[in-house]
1. Assign one of three labels to segment 76-147, namely rounded, prolate or oblate, based on the Cα gyration tensor with a ≥ b ≥ c the square roots of its eigenvalues; rounded applies when a/c is under 1.5, prolate when it is not and a/b is larger than b/c, and oblate otherwise.
2. For a Förster distance of 25 Å, can you work out the FRET efficiency between the beta-carbons of residue 119 and residue 170, rounded to the nearest 0.05?
3. What is the distance, in nm, between label points placed 7 Å from the Cα along the Cα-to-Cβ direction at residue 140 and at residue 31?
4. Can you tell which of 108, 35, 56 shows the greatest fluctuation in a Gaussian network model of the chain with Cα springs below 10 Å?
5. Over all directions, the average projected area of the alpha-carbon convex hull for segment 10-117 comes to how many nm²?
6. Name the residue, out of 209, 46, 55, whose mean-square fluctuation peaks in a Gaussian network model built on the chain with Cα pairs under 10 Å.
7. Take the Cβ-Cβ distance between residue 79 and residue 107 as r, set R0 to 22 Å, and report the resulting FRET efficiency rounded to the nearest 0.05.
8. When the chain is modelled as a GNM with alpha-carbon springs shorter than 10 Å, which of 164, 86, 200 fluctuates the most?
Amino acid sequence: MKIGIIGAGNIGGNLTRRLTALGHDVSVANSRGPETLRELAEETGATAVPATEAAEDAEIVIVTVPVKAVPDLPSGLLDGAAEGAVVIDTGNYYPKQRDGRIAGIEDEGLTESRWTERHLGHPVIKAFNGTYAQDLLDRARPEGAPDRMALPVAGDDEAAKRKVMALIEELGFDTVDAGGLDDSWRQQPGTPVYGLRGGVKEVQDALAAASPERQPEFSG
């Protein structure tokens, strides 16, 4: 499958490593230009491209940039994607630690991914946001393994969500349907499921235990 990855930090880099190893055709981009991704491209066989070309013909596009950088992404970023392309948002809002205060999230009560979706102009599926980057390399397990982790996935488009869940399962993790994008607050930073290394039942219980009140350390 053709996959575009926009952002080559810890999550983006390790998804590039895993997805190329599984045989997917991966294009990867960052804000500094493809020449800065030469080592990752040589290591993985991915194609380093400008951000404006990362989604070209992609069936899945993974946007994994700091939330504060989302408004600065190139306009028309997804114009060249394949028809029916699925967009995954891995982002987290860290107002005190990195992003500064974002009014749309704080004042309008938008979930972080709903805010990102509005800026991208394309529906998104929220996934990988509470996953430790190293776990993508180290914690993959075959289906049925007793220590196989589960990851929550939220989104409004059921077909798109199923496609993302299938990809995550191919990567070696179980999945839990976390509801629509307006429910994705249940997996934002500070919630019980965020960073949880648990199985399906533990993830389900953690999602159910979440509070919609944003914790002070994650409020601007």
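1. Oblate.
2. 0.30
3. Output for this residue pair reads 2.9 nm.
4. For the chain, modelled as a Gaussian network with Cα springs under 10 Å, the answer is 108.
5. 7.1 nm²
6. 209
7. Taking R0 as 22 Å, the efficiency between residue 79 and residue 107 is 0.15.
8. Highest fluctuation of the listed residues: 200.
The values are calculated or read from the model by the stated rules, or taken from the named source; none is laboratory data. Source: prediction; values computed, not measured. So basically every Cβ, Gly included, is an ideal-geometry build from the backbone, and we count neighbours across all protein chains shown. In case anyone asks, the SASA skips ligands and DNA or RNA and just uses the protein heavy atoms, side chains included. Shrake-Rupley method; radii C 1.70, N 1.55, O 1.52, S 1.80 Å.
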